[in-house]
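Inspection log for the structure reproduced underneath, given as structure tokens.
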Amino acid sequence: MFKVSTVVVCQIRRSLLHDVTIGRCHQCTTARHVKPKKSKGVSLRKEAHFVDYIELEVCGGKGGNGMLSFLSLPHREWAGPDGGDGGHGGHVIFKVSHNIKSLSHLRKVEKAADGVGGRTKQRHGKNASHRYIEVPKGTVIKSESGSLLASLDREGEMFVAARGGAGGKGNHFFLTNENRAPAVAEVGAEGQTRLVRVELKTMAHFGLIGFPNAGKSTLLRAISRARPAVSAYPFTTLNPHVGMVLYDDHEQVAVADIPGLIPGAHQNKGLGISFLRHVERCLCLVYVLDLSTGVDRSEQQRLSGGLSPFAQLTRLRYELEQYQAGLSHRPGLLLANKMDLPGADRKVEELKAKLQEEEGKSEMSSRGYQPLKVLGVSAKRMLGINELLHELRAVYDQYHTASDGEGS
Ligand SMILES: Nc1nc2c(ncn2[C@@H]2O[C@H](COP(=O)(O)OP(=O)(O)OP(=O)(O)O)[C@@H](O)[C@H]2O)c(=O)[nH]1
Ligand SMILES: [Mg+2]
């Protein structure tokens, strides 16, 4: 913690920090991006994608059976009933942990252990330990019909999704004055079993939205350590990937590469409507527009209809609006990718001019669109990446802090 009297020099501008208590210069508005460390050697790790929604079956453990037994001692042949009780089955419990960021570790069936059966000589079976499933903060648990069961928003918060069955009573439990030799013992109860839907409220701070082949995955690779596949054919990315952008004040900004959208995505065309659900879970949106359209007549042209960057933006916003009203109004950035290609500058100028024209129209402002900053980048040639990271942090600081304030 800095003292107020301390003179601190900003690392970026070499000027005195204005608010020394928080250790950052407000003139600079954003912190510097820290280059992620390169992984050493060839990684044989299986490509892991981000999971923000899963349907699974949770099964509580079965209770142990009660024992039916009569004790027989050397000088006391009928020493009475001595069957012990069975132990209780374990619960399946979802627990919030800050170490977990995704739901990829959840299996299709999560089962807790069964209780141990009762034994002779009044020995009770052991209760099974509960099955704790760690989930990220902001996890929502819904029933099969879609009704909300729990919303886990605080560290350590828990939700019992399936209760374990009670252990059965052994015959010693049923010993009474009327019945000195009960020949009855209970079977352990079955654990609760149900289907639940587990989903994350927020998947990432920024979602990369664009047509297939716009260069979303290339961009994510350029700014983070995430390694989504990149290829010159559409629909390379079939599952979302999340990369963390690191800044020198230890703030981490999550950016999600979302599979490409095509015209008609809201009608389940292309990779289907389920991918629009990922967009819903991003706080801010980064539209990645492809500046290569109009250069050749490829498959990619067919999917995006050979649209100009402005037409791509309009179409993407239309798809988002059709899926959920107000979704396209989220704050963010506008990226014109592939600036290294010939004629790209002219296209960006055209895009800016069209946006200004639209902004002027009262119709656009009445629709509630926020004016987005346009940045020209080349993810492949690493052009404009530093400026992009700076802008990402500025938008993050503005909206993430604001949403935190609303939440508390
Ligand atoms: N010239 C040029 N090519 C780029 C640039 N960025 C990406 N590409 C190329 O565009 C093609 C598609 O890139 P991807 O990153 O796979 O595109 P995507 O948007 O993730 O595509 P989907 O996963 O299919 O949605 C690849 O051949 C990239 O090499 C760029 O800045 N300049
Ligand atoms: Mg991709």
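Every number here is computed from the coordinates shown, using simple stated rules; none is lab data. Quantities reported herein were computed from a predicted structural model and do not represent experimental measurements. Note: ideal-geometry Cβ built from the backbone for every residue, glycine included; neighbour counts use all protein chains shown.
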Quiz prompt | Antiparallel DSSP beta bridges within segment 65-169, as percent of all bridges there, nearest 5 | solution = 70 percent
Practice problem: State, to one decimal in nm, how far the label point of residue 109 lies from the label point of residue 273, with both points 7 Å from Cα in the Cβ direction. | Solution: 3.1 nm
Quiz item: Roughly how many debye, to the nearest 20, is the charge dipole of segment 53-200 about its Cα centre, given +1 on each Lys and Arg Cβ, -1 on each Asp and Glu Cβ, and no other charges?
Solution: 260 debye
Quiz item: How do 155, 134 rank when sorted from fewest to most other Cβ atoms within 10 Å of their own Cβ?
Solution: 155, 134
Exercise. Fewest Cβ neighbours within 10 Å first, please rank 249, 290 accordingly.
Key: 249, 290
Quiz item: Arranged by the count of other C-beta atoms within 10 angstrom, fewest first, what order do 273, 93 take?
Solution: 273, 93
Practice problem: Mind checking segment 88-129 for trypsin sites (Lys or Arg not before Pro) that DSSP puts in a loop (not H, G, I, E or B) and that have at most 10 other Cβ atoms within 10 Å? | Solution: 107, 108
Exercise. State, as an integer percentage, the relative contact order of segment 53-200 based on alpha-carbon contacts under 8 Å between residues 6 or more apart.
Key: 37 percent
